[in-house]
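The structure under discussion appears below in the form of structure tokens.
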Amino acid sequence: MMKNRKSNWALLAPMYVFTILFVALPILYMFLLSFLTRAEVWGVDFTFTLDNYKRIGEPLYLNTFVESLKLAFLSTLLVMLIGYPYGYFMARMSAVWKKRMLLLIMIPFWTSALIRLYGWIIVFRTNGVLDKLLMGLHITEEPLKLLYTYPAVVVGMVYSLLPFMILSVYSSAEKLDFTLAEAARDLGASSFKAFWTVSFKLTLPGLLSGVILSFIPSMGLFFIADILGGNKIVLVGSVIQEQLTKGRNQPFAAALSAVLMVLTTLMIRIYRKVTGTSELEGLV
Amino acid sequence: MSDIILQLNQIQKSFEGTEVLKGIDLEIERAEFITLLGSSGCGKTTTLRIIAGLETPDSGSVLLEGQDITSLAPNKRNVNTVFQNYALFPHMSVEENVGYGLKIRKVPKAEIARKVSEMLKLVQLEEYGKRRPDQLSGGQRQRIAIARAVVNEPKVLLLDEPLGALDLKLRRQMQLELKRLQKQLGITFIYITHDQEEAINMSDRIAVMNQGVLEQVGTPNEIYYRPRTSYVADFVGNANIIHDGSDTFAIRSENVLINGEIPCVHDAVVLEKSFAGGQLRILFRLSDGQTITASRYGIDADIQVGGSIRIGWKQEHAIKVLDDEK
């Protein structure tokens, strides 16, 4: 028994070392940094302060957080609504079609995310692809002027995050035994009821990991807001980046990051609690 | 006079061009235990799924108490299924599993609780209500699957190889339990298996299926002693199929007589001898090239592999059957 334990430790050790070195320590460093003072010229002074956190309470920054959360919620919701059915039905397709659909999702990853976002500019800009299409079909009469608007940013977010949702729902639905839904039907459930009480419940862990994979990045994907939203939509991510580069205020950037991190963790915990997902994990 | 609860008329079904069911006709009586017996791929599971409503036949009809239910959704039929892999809901407790059908039909909570505990008592698992299916053994899961179906008081209970995943000893025990349960509840059981012993042990009637066709429907006695076709004789009785001119006969191995037993009129050569389960099995080749197996209790030391011998059988033990090969 003891010996067994030891060999387990030896096997797991690299993982612990890796996690401590590259995850735990940087986070600790970040929290530490957030309580320090910005130096006059470069770097930080080792003087303890709470000012960085107080500053986040200013309306300017508070508002950024609210805006970021709103956008993250909206994007994640849309990603859920589109990604869940896509991943779920993909898992039910024949092996050949599964491969084709997976390929369609993977292809965009072969190009840089930035380049793909610039592609959206061509679509959204005034008299761009979308305007030409809609006006050509006489659905709209004038250019929509979508570029550098909120909807454009949302589309960019959803577009960028969708694959993560699809893949995590797919991996969960793929393992689902579809005879369970048949059993529910056999026991008197309508097809919707069978889906809701059995299939959906059992793919919730996949949906959860999809939500985590969408929600967390959507708080920080500032370049989407920058490219498709112009400078009108400022997200926490943008502020952090600005403070790090132009502002040269590492402690404040660290404080912003710390608040962001706590906030997202909190959201995920609430979500898990509400959906009861933790009880379902590992069942399928 | 007979009370028919379920009737299949000329059921046909193809999957991607392959004809799985070639016109199945079957009448099932109320409170009967009937087994669909056949090897895998014979169409027995498809037949069951059509009765359950999980498949729709290409043509033909299904009547439940005289009412056409051919295209009725599975949730609208008073028929329940015990699935091959049990299909218990992994995210629900045993109680929730058993009560699922009642809850869906909006039965009052107190009544659900009462019926569920009654059912768990019936399958002797009343202590296990709060557990999750993955905390149960195979045999226990099996019983829960049965309880979950039976609690809805179906007119017909469909069982798709329900004992297939259990070990032999447990299977024997569950066979007896299922039979007892069926008698006690008085529900019609349609049971699927590829195990002829199981079919013979449990059934009131057996329907032998082969390649989408019902070869013979009858009591275990009829099927065993008066097989209609060579397939039935071979599959159910492990009988020898012997061709004599244009006629085909089924002769069970225990009825093959050896040396000295009268009437032994055929010359044969001993090909193989094997001893298993207290039974000696000897494979012969007849002078016309056909092979035949005889079985005996005990060891017959006189019979040598390669030796010549005279064998035969009594006339009444050679059952004339239809040849499926033709």
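B:PRO154 satisfies every condition listed in (1) outside any loop (DSSP other than H, G, I, E, B); (2) within 26 Å of B:GLY38 (Cα to Cα) except (1). Within the range A:248-284, being modelled with pLDDT of 80 or more and β-branched (Val, Ile, Thr) holds for A:VAL259, A:VAL262, A:THR264, A:THR265, A:ILE268, A:ILE270.
Count of the range B:180-192 residues, restricted to those that are modelled with pLDDT of 95 or more, of a type outside the set (Phe, Trp, Tyr) and closer than 24 Å to B:ASP167 by Cα, is 2.
Among the conditions (1) exposed (fewer than 11 other Cβ atoms within 10 Å of the Cβ); (2) modelled with pLDDT of 90 or more; (3) not small (Gly, Ala, Ser), the only one that A:MET2 does not satisfy is (2). Can you spot a residue in the range B:132-151 that is assigned to a loop (DSSP other than H, G, I, E, B), buried (at least 20 other Cβ atoms within 10 Å of the Cβ) and within 13 Å of chain A (Cβ to nearest Cβ)? Within the range B:132-151, one or more residues are assigned to a loop (DSSP other than H, G, I, E, B), buried (at least 20 other Cβ atoms within 10 Å of the Cβ) and within 13 Å of chain A (Cβ to nearest Cβ). Among the residues of the range B:71-87, write down those that are part of a loop (DSSP other than H, G, I, E, B), more than 8 Å from chain A (Cβ to nearest Cβ) and either among the β-branched types (Val, Ile, Thr) or within 24 Å of B:LYS121 (Cβ to Cβ) (or both). Listed by number, the residues that qualify are B:ASN78, B:TYR86. Being within 20 Å of the chain's Cα centre (by Cα) and among the β-branched types (Val, Ile, Thr): is that true of A:THR49 here? So A:THR49 does not fit the description; no. Filtering the range B:41-53 to residues that are more than 14 Å from chain A (Cβ to nearest Cβ) and either more than 20 Å from the chain's Cα centre (by Cα) or closer than 12 Å to B:SER14 by Cα (or both) leaves B:GLY43, B:THR47. Within the set B:VAL98, B:VAL107, the sole residue that is among the hydrophobic types (A, V, I, L, M, F, W, C) and under 30 Å from B:ASN201 (Cα atoms) turns out to be B:VAL98.
One residue stands out among those in the range B:229-252 that are under 22 Å from the mean Cα position of the chain (by Cα) and part of a loop (DSSP other than H, G, I, E, B): the one that is modelled with the lowest pLDDT, which is B:ASN238. Right, B:THR56: out of contact with any Pro (no Cβ under 8 Å at 6 or more places or on another chain), within 14 Å of chain A (Cβ to nearest Cβ) and part of a helix (DSSP H, G or I) or not? Against the criterion (out of contact with any Pro (no Cβ under 8 Å at 6 or more places or on another chain), within 14 Å of chain A (Cβ to nearest Cβ) and part of a helix (DSSP H, G or I)), B:THR56 does not qualify.
Only residues that are in a helix (DSSP H, G or I) and in contact with a Ser or Thr (Cβ under 7 Å, 6 or more places away or on another chain) were counted in the range A:234-249, giving 3.
Scanning the range B:266-308 for residues that are in a loop (DSSP other than H, G, I, E, B) and more than 14 Å from B:ILE242 (Cβ to Cβ) turns up B:GLY277, B:GLY278, B:GLY298, B:ILE299, B:ASP300, B:ALA301, B:ASP302, B:ILE303, B:GLN304, B:VAL305, B:GLY306, B:GLY307.
Quick check, is B:ILE292 closer than 25 Å to B:VAL213 by Cβ and within 28 Å of the chain's Cα centre (by Cα)? Please lay out each step first, then the result.
Details: closer than 25 Å to B:VAL213 by Cβ: no; within 28 Å of the chain's Cα centre (by Cα): yes.
The answer is no for B:ILE292.
Would a scan of the range B:205-213 turn up a residue that is in a helix (DSSP H, G or I), small (Gly, Ala, Ser), within 27 Å of B:ARG77 (Cβ to Cβ) and in contact with a Leu (Cβ under 8 Å, 6 or more places away or on another chain)? Looking for residues that are in a helix (DSSP H, G or I), small (Gly, Ala, Ser), within 27 Å of B:ARG77 (Cβ to Cβ) and in contact with a Leu (Cβ under 8 Å, 6 or more places away or on another chain), one finds none in the range B:205-213, hence no. Highlighted here are the helices (runs of 4 or more DSSP H) found entirely within the range A:69-186 that include at least 1 residues which are aromatic (Phe, Trp, Tyr): A:95-106, A:113-124, A:150-175.
Residues are listed down the side, and each one gets a yes or a no for (1) within 26 Å of the chain's Cα centre (by Cα); (2) within 27 Å of B:ASN80 (Cα to Cα); (3) within 14 Å of another protein chain (Cβ to nearest Cβ):
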{"residue": "A:PHE164", "(1), (2), (3)": "yes, no, no"}
{"residue": "A:ALA173", "(1), (2), (3)": "yes, yes, no"}
{"residue": "A:ARG185", "(1), (2), (3)": "no, yes, yes"}
{"residue": "A:SER199", "(1), (2), (3)": "yes, yes, yes"}
{"residue": "A:GLY206", "(1), (2), (3)": "yes, no, yes"}
{"residue": "A:LEU213", "(1), (2), (3)": "yes, no, no"}
{"residue": "A:ILE233", "(1), (2), (3)": "yes, no, no"}
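The lone criterion from (1) free of Cβ contacts under 8 Å to residues at least 12 places away in the same chain; (2) in contact with a Lys or Arg (Cβ under 9 Å, 6 or more places away or on another chain) left unmet by A:ASN63 is number (2). Within this structure, A:ALA91 passes the test of being surrounded by 12 or more Cβ atoms within 10 Å (Cβ to Cβ) and in contact with an Asp or Glu (Cβ under 8 Å, 6 or more places away or on another chain). Against the numbered list (1) farther than 22 Å from A:LYS246 by Cα; (2) among the small types (Gly, Ala, Ser); (3) surrounded by 10 or more Cβ atoms within 10 Å (Cβ to Cβ); (4) at pLDDT below 85, A:ALA39 comes up short only at (1).
Among residues of the range A:207-225 that are surrounded by 20 or more Cβ atoms within 10 Å (Cβ to Cβ), those with a Cβ under 9 angstrom from a residue that is modelled with pLDDT under 85 and acidic (Asp, Glu), sequence gap 6+ or separate chain, pair up as A:LEU208/A:GLU281.
Kindly evaluate A:ALA173 against the criterion of being surrounded by 15 or more Cβ atoms within 10 Å (Cβ to Cβ), more than 23 Å from A:ILE233 (Cβ to Cβ) and in contact (Cβ under 8 Å) with a residue 24 or more places away in the chain.
Working: surrounded by 15 or more Cβ atoms within 10 Å (Cβ to Cβ): yes; more than 23 Å from A:ILE233 (Cβ to Cβ): yes; in contact (Cβ under 8 Å) with a residue 24 or more places away in the chain: yes.
So A:ALA173 fits the description; yes.
The values are calculated or read from the model by the stated rules, or taken from the named source; none is laboratory data. Keep in mind that this is a model prediction, so the values were computed, not measured. As a convention, Cβ positions derive from the backbone with ideal geometry for all residues, glycine included, and neighbour counts pool all protein chains shown.
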